[in-house]
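Just below is one structure, and these are the notes that go with it.
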Amino acid sequence: MLSRQDNELLCRVGPDTPMGKMLRRYWLPVAMSRELVVGTPKRVRMLGENFVAFRGDDGVVGVLDELCPHRGASLVLARTEGCALRCLYHGWKVDRSGAILEMPSEPEGSAFAAKVSTTAYPVHEAGGLVWTYLGALVPAPPVPDFAFAHVPDGWRANTKFRTDCNWVQSLEGAIDTSHSNYLHSSDIQFGGAKSPQARQTVRPSNDGRPRIFTEDTAYGFRYGAIRRPTVDPEINQYVRVTHFVAPFTAIIPLGDLQNVQIFLPIDDEHTYQYNVKCSFIESPTRSVNEFGDIGASDGDYGTDRNRANNWGQDRAAMTAGTSFTGVDSIRNQDSAVQESMGPLYDRSKEHLGASDTAILRMRRRMLDSVRAFSDRGDAPLGLGEPFDYGALVGREGMLPLGEPWQNLLATGAPA
């Protein structure tokens, strides 16, 4: 468990909080590339603040503070003109650098425009995602150049959804390997040949008590979850290796696919989850487009499944034995349990066990980092020592019993 003080330190992300200040030193995902269409600015909320993102006529994205520097009207309402935004209120024209190009309501010949600007943020677009950097007073670190950004578009599928709870609740679900044997037991088949009811995948083990071993790294940590396989357990072990990449990314194996999950805090009580599923081989056994957003959207990547209707839970299916949870799809199952904890769970009330080893390690790594950042000015976790984002690949497979789990990482590195 965490003390209430540590829980607040870990979870709160506003601009005046220690964690919020540290998170602003990382590159953050603004949107999927396909969300930003020429002619339609988009409001983007990150870390409790509002911004506007837009794509200019040249295809390049800009990110600015949302409110016009004149009198605060929203630039989400603005006209897009070339590679700039024109505020509807008094016609001020603002470009991607934050400069004011025109002030048509001011006297002719006025030099006022040269004295005013708004805050603009660096942008990087790759792999179907748009990233920005909010730490304006400190030079941006290298962009997170994940391996998925270098595969052909047809080998990658990007999706996004909103969860109405704190970002740590969502992140902890991604690095918690043991819950899949229970929460997702109707969608994952554990052992044997694939059945039509197993919508997601087959795993060669039904062991719901994995042994979990963590190893700290420059980017955060990686862990091996070791399970007893259903076939030849006396000579083999089934291993899954997952990476935690600070501040809020998990790289999870999905057979010969990768699932990169990025949890952007919208504010203290809402989170966007970006999923990037990709293949590094020409003919994966499963399509990267097999997985998509589930549930009706509310216009902001939420769904019609919520606390008011118990996340669409079907008790009849539970009684009939066709569903363990009564909630369809892995996405909705995760959202149900995470949101059911409340908007920001008080971790002083929890009781953790051996299955929570990776959860404990993430909390310790992030808490140590935010304290060192706040107290001594140390670089945030993952930004002090260089590493190769492109080499981070989740793995699952069989190893001889007793062989180090890290040996699985030596197989099939991405091209």
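Numbers below:
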read-out: Only listed residue being in contact (Cβ under 8 Å) with a residue 60 or more places away in the chain, assigned to a helix (DSSP H, G or I) and of a type in the set (Val, Ile, Thr), chosen from 138, 168; value: 168
read-out: Residue in the stretch 234-270 that is surrounded by the most Cβ atoms within 10 Å (Cβ to Cβ), counting only those that are more than 30 Å from residue 14 (Cα to Cα) and at pLDDT 95 or above; value: 239
read-out: Test: residue in the stretch 74-90 that is more than 29 Å from residue 375 (Cα to Cα) and of a type in the set (Val, Ile, Thr); value: yes
read-out: Hey, residue 184 open to solvent by 20 Å² or more (accessible area, probe 1.4 Å), within 19 Å of residue 241 (Cα to Cα) and either modelled with pLDDT of 90 or more or of a type in the set (Asp, Glu) (or both) or not; value: no
read-out: Residue satisfying condition, being at pLDDT 95 or above, closer than 27 Å to residue 396 by Cβ and assigned to a loop (DSSP other than H, G, I, E, B), within set 352, 344; value: 352
read-out: Some residue of the stretch 336-355 being open to solvent by 30 Å² or more (accessible area, probe 1.4 Å) and without any contact (Cβ under 8 Å) to a residue 12 or more places away in the chain; value: yes
read-out: Cβ pairs under 8 Å, 6+ apart, first in the stretch 306-322 and within 16 Å of residue 336 (Cα to Cα) and part of a helix (DSSP H, G or I), second open to solvent by less than 70 Å² (accessible area, probe 1.4 Å) and small (Gly, Ala, Ser); value: 307/340; 310/336; 311/335; 311/336; 311/340; 312/295; 315/326; 318/326
read-out: Any pair with Cβ under 9 angstrom, 6 or more apart, that starts in the stretch 22-40 at a residue that is surrounded by fewer than 17 Cβ atoms within 10 Å (Cβ to Cβ) and ends at one that is part of a helix (DSSP H, G or I) and of a type in the set (D, E, K, R); value: none
read-out: Subset of the stretch 43-80 [surrounded by fewer than 16 Cβ atoms within 10 Å (Cβ to Cβ) and of a type in the set (D, E, K, R)]; value: 43, 57, 58, 71, 79
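The values are calculated or read from the model by the stated rules, or taken from the named source; none is laboratory data. Quick caveat: nothing in here was measured; it's all calculated off a predicted structure. Using ideal geometry, Cβ is built from the backbone for each residue, glycine included, and neighbour counts are taken over all protein chains shown. When the accessible area is computed, the model is the full protein with side chains, heavy atoms only, and any ligands, DNA or RNA have been set aside. Shrake-Rupley method; radii C 1.70, N 1.55, O 1.52, S 1.80 Å.
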